[in-house]
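In what follows, a single structure is set out as structure tokens and then discussed.
The values are calculated or read from the model by the stated rules, or taken from the named source; none is laboratory data. The structure displayed is predicted, hence computed values, not measured ones. As a convention, Cβ positions derive from the backbone with ideal geometry for all residues, glycine included, and neighbour counts pool all protein chains shown.
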Amino acid sequence: MAKNDKSKQNRMLVRYGNIGYIGLFEHNLTELPARPTRVVIKTERGLELGTLIGACNSKKGNFCLNCGSLEDYYETQQGEYPLGRGGKFVRIANEQDLSEEKHINNNAKNEMKRCQEFARELGLQMKVVDCEHIFGGERVIFYFLSDGRVDFRELVKQLAREFQTRIEMRQIGARDEARLISDIETCGQPCCCRQFLKILKPVNMRMAKVQKATLDPSKISGHCGRLRCCLRYEDETYTQLKRRLPNRSSRVQTPLGIGQVTDVQIITQLVVVRHEDGTVNAFNVEDIEVLPKSDRDDQKNYRQKDRNSNNRSENNSPEPKGSASGKGKRASNGNENKDVPNERSDEQPEPPRSDQEKQNEDKTTIDKKQQEQPEAEK
């Protein structure tokens, strides 16, 4: 049991690989060197060069961390970033190891160009971003970007014949590309994803709005073309501070009287209030009191009652004599029959006549004309 505890204590935290993997490696050193120190480690990929970044439960080290806390971090952050296990510490890197690393890095650039040429000859729609040659020569890893799936089987065969080693192709996204090739951000520091940030969580525009950052995408986007991960660092603090502030347009009680909130400052916790006399002042959030909603509703109802009473008084005022307004009243222009359509008349309308009566009347008229014509000739 004590042996297992001792093995857990003799572990070091190492960052390795172009993409910045982190792993726990057992060692038999009595005292670890200062950070950062280059070390040679054995991983599942082969013999690699890494950088010592901490010691777990080291007595004299500046960095104290146990395996359980590191595992809890990855679990609470709900990330899928792999934590290397099962590797072993080989030795502290010497001058020969560092010289060999430079030689491998120079060859990796030529290998990346050669891979891109083969992909172009085969008509593959892919962009080779980086090439990683394992320190021990066990394999060569190519990282590439592509919009869809790529059938690179023939490409792997050509690369294996060219370099006489095992070839591994890995398709990555925009954020992984930033991890591989990005350097310094606009803040003057190395990119977070390349330096320490391993679990990348989504960042949305709401975080930029709460922090009152510029909404220009070109100014708040990182090397990957997405919103910067640092916007998420202070989002929780900004959210908690914003909850203490009143909403805009709400009525508050201040030392100078009642006013309406026009603006708030999250960091300084200041509230800008416009009073009823038009003056604008800034108060600390602790010096104001938000009026309850019932009080605001009572004020609104009181104003509405005043408006309704004024409208009633205007409607109930007596009209002057001779006014031409009102329904059913006669106009003073003499057209009485038009204004009073329902007025009774003494004349009775004639009843409608049938067609037979109209024909008989027409015949009678014709006979009278025929009788009058000979008398006129005489």
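In region 232-251, the residues that are on the phi > 0 side of the Ramachandran plot reach residues that are at pLDDT 90 or above and surrounded by 12 or more Cβ atoms within 10 Å (Cβ to Cβ) with C-beta atoms within less than 9 angstrom, at least six apart or across chains, in these pairs: SER249/GLN260; SER249/VAL261; SER249/THR262.
Restricting region 203-213 to residues that are more than 24 Å from ASP72 (Cβ to Cβ) and surrounded by 14 or more Cβ atoms within 10 Å (Cβ to Cβ) leaves a set whose member that is modelled with the highest pLDDT is MET207.
What residue, of LEU155, LEU159, is buried (at least 17 other Cβ atoms within 10 Å of the Cβ), more than 40 Å from the chain's Cα centre (by Cα) and modelled with pLDDT of 90 or more? Walk me through how you get there before you give the answer.
Values: LEU155 fails: more than 40 Å from the chain's Cα centre (by Cα).
Selected residue: LEU159, the only one of LEU155, LEU159 that is buried (at least 17 other Cβ atoms within 10 Å of the Cβ), more than 40 Å from the chain's Cα centre (by Cα) and modelled with pLDDT of 90 or more.
Scanning region 160-205 for residues that are polar (S, T, N, Q), touching a residue at least 12 places away in the same chain (Cβ under 8 Å) and over 22 Å from TYR233 (Cα atoms) yields THR165, GLN171. The sole residue among VAL273, VAL285, VAL210 that is in contact with a strand residue (DSSP E or B) (Cβ under 7 Å, 6 or more places away or on another chain) and in contact (Cβ under 8 Å) with a residue 40 or more places away in the chain is VAL285.
Every residue, every condition in (1) surrounded by 16 or more Cβ atoms within 10 Å (Cβ to Cβ); (2) among the β-branched types (Val, Ile, Thr); (3) at pLDDT 90 or above; (4) part of a helix (DSSP H, G or I), yes or no:
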{"position": "LYS201", "(1), (2), (3), (4)": "no, no, no, no"}
{"position": "HIS223", "(1), (2), (3), (4)": "yes, no, no, no"}
{"position": "PRO246", "(1), (2), (3), (4)": "yes, no, yes, no"}
{"position": "GLY259", "(1), (2), (3), (4)": "yes, no, yes, no"}
{"position": "ASP277", "(1), (2), (3), (4)": "no, no, no, no"}
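Among the numbered conditions (1) among the aliphatic types (A, V, I, L, M); (2) without any contact (Cβ under 8 Å) to a residue 60 or more places away in the chain; (3) loosely packed, with under 14 Cβ neighbours inside 10 Å, the only one that LEU98 does not meet is (2).
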